[in-house]
Structures are given as structure tokens and as C-alpha cells.
Amino acid sequence: MTTGTYAGYLRRLGFAEPPRPTAEVLFALQRAHVERIPYENVDIQLGRAPGIDPALSVRRIAAGGSGYCFHVNGAFAALLESLGFDVTRHVGGVHHDPQARTVTGDHLALTVRVGGAAYFVDTGLGDGPHEPLPLRAGTHRQGDFRYVLEPLRGPEPGWTLLASYGPCPVTVFSSAPATTADFEAEHVRLTTSPESGFVRTLVMIRRDAESIDVLRGRVHARIDPAKGPSERELDTPQEFYEVMATVFGRSLHDLGPADRTRLWERVCRSHEAWRAGRAG
């Protein structure tokens, strides 16, 4: 990849020049990433899921796009390596069930070593930590959010992250290093199977130090431990796309009129099915 491509990525994160690979810079990069680049599946909803080659993902993010964990963490790993960080990719899994501990392969997790210390680094959860977590067992607090890292129970070494807030309270990952090829088959399933949540429902997530914003279909929810949760339904396409652009920072330049109409109609169908399920 060209220096210019990484420069565009860094500008999106608020860095005019490539920074030095220090722990302080790593923390600043993750904070900026989760605040400015949403976790989202818009292109999957439109039936044109991009591949997960890190070079492609870096170019997409530099141009204003995003994606889900395979795209976002894949690109972030490549960016960190270009700056001189020691990065390892890991096969992971995310779970709605707080008791689950299976490495399902549906998540790409990262660890980074800098300044003699190792950190769990993840910009691809959407609702994950605001800053890197020291890779050691224990409880870690970031504002009103609480995270617990503990060794993964099972036949292979790894880690479990327990989160106090967010749609997926459990993230697990194997300690073994992984490559992009390890995620290709799961990417195909997640982006094409009718049973995949990415195919069934539009989702966007971003966070800052105090709260997490989640757009699921036409419902915009805000998770704020200090103020409590809130949610609202978005009733018009104008409101829907304004929230995408302003709250989540998702560029709309790649969505022409036909794309916007098709996406809104798809979201409305999913929304009505969700409402019918709740009523039943």
C-alpha cells in the first residue's frame, strides 16, 4: 500500500503525520478509531459485501467507508504495523449469551506489544473498550464501563473479555496467531447466509468515552451507564440517513438514490418483521 493511503486513514483519525509507535499513541489511535469509524454492515445489506483483504479495507476506510470486524480490525492491524507496532491477529468469537466461551471464528481480535507490555486492542466490536486493555487477568474500568479479562477455559490457551454493557457481553479469542486466510470462509458465511444476522438486519455501532450508540434496523439506541438506556424509532428515510451521517459518522457518498431507496425499503421490511415478533 502507498504512504498516501495510510495518510488518508490517519487523517480520518485526526493525525496529520504518522506518529511514533508508543503506548500513548496506541491508546489515542484506538480512541479515535472507535469514535470516528463505525462498525457497520451497510454494503452487506445491499448485497455487495467487500472482501477482507487488509489493503482493500485500508483504502475503504481512508475513503470514508467502514465495515465489520474482519474489515475494521484487519485495516487497523495493517495501519499499526505500518507505524512500527508489533501486532498479532487472533481467531475469536462474540456471544450474546453471557455464559458462552466458544471460539467460533466470527471475530478477528488483536493484541499489540509496545513498550514491553501487551494489550488487547479491538476497534471491530463496535461496543468494545474505548481504549486498549492491558493483557492480564483482572477488572479494568473505563469511566462507567467495566471490563473483565480472564484466561479462556478450554483445551487451548486464550482470553475471555466480559463487558458490563453492550449487545454482546462476551468476546473470546485464541492466543494462537492467525492470518487473513483464517477468516475467509466465515466471512463468506456471515455475508451470504440467510441465517446470518449481518444479512438479516442492518446494524451500526459507535462509541465514545461515555456512551455507545447502536442503530439496529430503524431503532437508534443509546447506552449510557450514567444516564440509563434510551431508544427511538426513525420514521423517515431523511431521519434515518441523517442519523447515519451525523451520529455514526458514516459517509453517504457511495449511496446513490437507488441505493438509499433500496436500503430504506429493506430496513423497513426487517423493522416490521421485528415489530410483529415483539407483538407476538
Query raised in the report: Among the listed residues G84, G67, which satisfies the condition of being at positive phi and free of Cβ contacts under 8 Å to residues at least 60 places away in the same chain?
Result: G67
Report task. Could you tell me whether the stretch 218-235 includes any residue that is under 30 Å from T88 (Cα atoms) and either without any contact (Cβ under 8 Å) to a residue 60 or more places away in the chain or of a type in the set (G, A, S) (or both)? Result -> no
Query raised in the report: If L125 passes every condition in (1) closer than 21 Å to L10 by Cα; (2) modelled with pLDDT of 95 or more but one, which one does it miss?
Result: (2)
Report task. Quick one: T88 ticks every box in (1) surrounded by fewer than 18 Cβ atoms within 10 Å (Cβ to Cβ); (2) over 19 Å from F183 (Cα atoms); (3) at pLDDT 95 or above except a single one, so which number is it? Result -> (2)
Query raised in the report: Applying the selection to the stretch 3-14, what residues are of a type in the set (A, V, I, L, M) and over 20 Å from the mean Cα position of the chain (by Cα)?
Result: A7
**Report entry** R113 among the basic types (K, R), surrounded by fewer than 21 Cβ atoms within 10 Å (Cβ to Cβ), over 17 Å from the mean Cα position of the chain (by Cα) and not in a loop (DSSP other than H, G, I, E, B)
**Finding:** yes
Query - Within the stretch 15-45, considering residues that are assigned to a loop (DSSP other than H, G, I, E, B) and more than 19 Å from the chain's Cα centre (by Cα), the one surrounded by the most Cβ atoms within 10 Å (Cβ to Cβ) - result: P21
Query raised in the report: Restricting attention to the stretch 84-105, which residues are under 21 Å from I61 (Cα atoms), in contact with a helix residue (DSSP H, G or I) (Cβ under 9 Å, 6 or more places away or on another chain) and not in a strand (DSSP E or B)?
Result: F85
Query - Single residue of the stretch 139-154 satisfying the filter (without any contact (Cβ under 8 Å) to a residue 12 or more places away in the chain and surrounded by fewer than 14 Cβ atoms within 10 Å (Cβ to Cβ)) that is farthest from the chain's Cα centre (by Cα) - result: T139
Report summary line: Scanning the stretch 155-199 for residues that are of a type in the set (V, I, T) and closer than 15 Å to G74 by Cα, the one surrounded by the fewest Cβ atoms within 10 Å (Cβ to Cβ) turns out to be T179
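The values are calculated or read from the model by the stated rules, or taken from the named source; none is laboratory data. For clarity, every value in this text was computed on a predicted model and none was experimentally measured. Reconstructed Cβ throughout: ideal geometry from the backbone, glycine too, with neighbour counts over all protein chains shown.
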